[in-house]
1. Can you tell me which residues in the range 28-44 are of a type in the set (G, A, S) and more than 18 Å from A60 (Cα to Cα)?
2. Which one is nearest to the chain's Cα centre (by Cα) among residues in the range 276-292 that are surrounded by fewer than 19 Cβ atoms within 10 Å (Cβ to Cβ) and within 13 Å of F218 (Cβ to Cβ)?
3. Pairs needed: first member in the range 2-19, within 19 Å of R31 (Cβ to Cβ); second member anywhere, among the hydroxyl-bearing types (S, T, Y); C-beta distance under 9 Å; at least 6 residues apart or different chains.
4. When you go through K30, K9 one by one, which is the residue that is surrounded by fewer than 17 Cβ atoms within 10 Å (Cβ to Cβ), modelled with pLDDT of 90 or more and either assigned by TED's automatic domain parsing to the domain that holds Q299 or farther than 18 Å from Q302 by Cα (or both)?
5. Looking only at the range 284-302, count how many residues are of a type in the set (A, V, I, L, M, F, W, C) and assigned to a strand (DSSP E or B).
6. Which residue, of A24, A60, is of a type outside the set (D, E), surrounded by fewer than 19 Cβ atoms within 10 Å (Cβ to Cβ) and not assigned by TED's automatic domain parsing to the domain that holds R277?
7. Any chance you could count how many residues in the range 255-283 are of a type in the set (F, W, Y) and in contact (Cβ under 8 Å) with a residue 60 or more places away in the chain?
8. Taking interchain pairs and intrachain pairs at least six residues apart, which have beta carbon atoms under 8 angstrom, with the first residue in the range 41-60 and over 12 Å from E76 (Cβ atoms) and touching a residue at least 40 places away in the same chain (Cβ under 8 Å) and the second among the small types (G, A, S) and outside any helix (DSSP H, G or I)?
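The values are calculated or read from the model by the stated rules, or taken from the named source; none is laboratory data. Being a predicted model, the structure only gives us computed values, none of them experimental. Cβ placement follows ideal geometry from the backbone for every residue including glycine, while neighbour counts extend to all protein chains displayed.
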Amino acid sequence: MSGLGERLKDARKAKGYTLDDLQAITKIQKRYLAGIENEDYSMMPGSFYVRAFIKQYAEAVGLDAQEMLALYRENESSAQMREEEVQRSAPQMNQKTGFSRSGRMNEMLPKIIAALFIVVILAVVVFLYKHQANTQKPDEPGAADELTVDKPSDQPTLEEDGKKDEGKEDADTDEEEQPAQEEEPEEPEEPEEPEEPEEPAADQTLTQASVSGADSTFTLENAEKFSVTVKVKPEGESWIGITNPAGQELMPQGARVMTAGQEETVDLSGQESARIRVGRTQFTEILVNGEPLSYPNDQITQNIIIQYKK
């Protein structure tokens, strides 16, 4: 035991704070605060969050945060440090493996194409050989039977003339019996009324209002809804928590460590404001109604406060 936990615990009691009071001040879960006082970090998500929680704890009870972190580093196990180094180097190793596989594929591609070309040529040769073997000489055509066709006479017969005259008279009679059809006048088409152009909807504006240490305030205006999407980049992980002004957690599964590639969307339309706690800003993207939010500075841990003006 380095005495770190005892010093923090004594300072907390001197301030008159309980663990519940300290949880409300720092937004750190009570079980993590108890673990720091007992110097039991097994339930922590990682050494990065241990250092961040110790720093917040020390600032809340009025102790020197750097001195407390120095006590923690003296007793921090080398295994935890190696774990973070392995996590940082893993993407590089995967990238090198991907390059190696891609190089082998590029070397094999010409050979595969050449083999397919040879197979196609062999298939064409076999097909032509079989087709030539199965082809038989056609029989010589015999003399065509001569057909005798009587040439029709150019002069029509008396029966045909009579039938034509009868058909003509019947057609004339039908034309006389059918009354002429009166054409109905076409109704004029009514002119179409021009459509009134729709008024364009005002674009939403996300404006940075103020920055105070790790707290940054933004204002969201001209937006029909208030939705926040948090994405963790493939190369890291981050602690994420979203609360309303009353301190109530709004994420469906609660504040937690989101791993690489995870994404969470929270509908905050019913809230006047929301506070987004980001543990590692370099690995975290925030989108407000699909619009990316830019961090005001390079601090690793930040609190993003968004005020929704309907």
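1. S42
2. L287
3. L4/Y72; L8/Y57; R12/T18; R12/Y57
4. Details: K9 fails: surrounded by fewer than 17 Cβ atoms within 10 Å (Cβ to Cβ).
Residue meeting the stated conditions: K30.
5. To start, the set of residues in the range 284-302 that are of a type in the set (A, V, I, L, M, F, W, C) comprises 286-288, 293, 300.
Add one more test, that the residue is assigned to a strand (DSSP E or B), and what stays is 286-288.
Summing the residues that are of a type in the set (A, V, I, L, M, F, W, C) and assigned to a strand (DSSP E or B) in the range 284-302 gives 3.
6. Numbers: A60 fails: surrounded by fewer than 19 Cβ atoms within 10 Å (Cβ to Cβ).
Exactly one residue qualifies, and that residue is A24.
7. Taking the range 255-283 first, the residues of a type in the set (F, W, Y) are 283.
When the remaining residues are screened for being in contact (Cβ under 8 Å) with a residue 60 or more places away in the chain, the result is none.
Counting residues in the range 255-283 that are of a type in the set (F, W, Y) and in contact (Cβ under 8 Å) with a residue 60 or more places away in the chain gives 0.
8. Correct list of pairs: Y49/G279; A52/G279.
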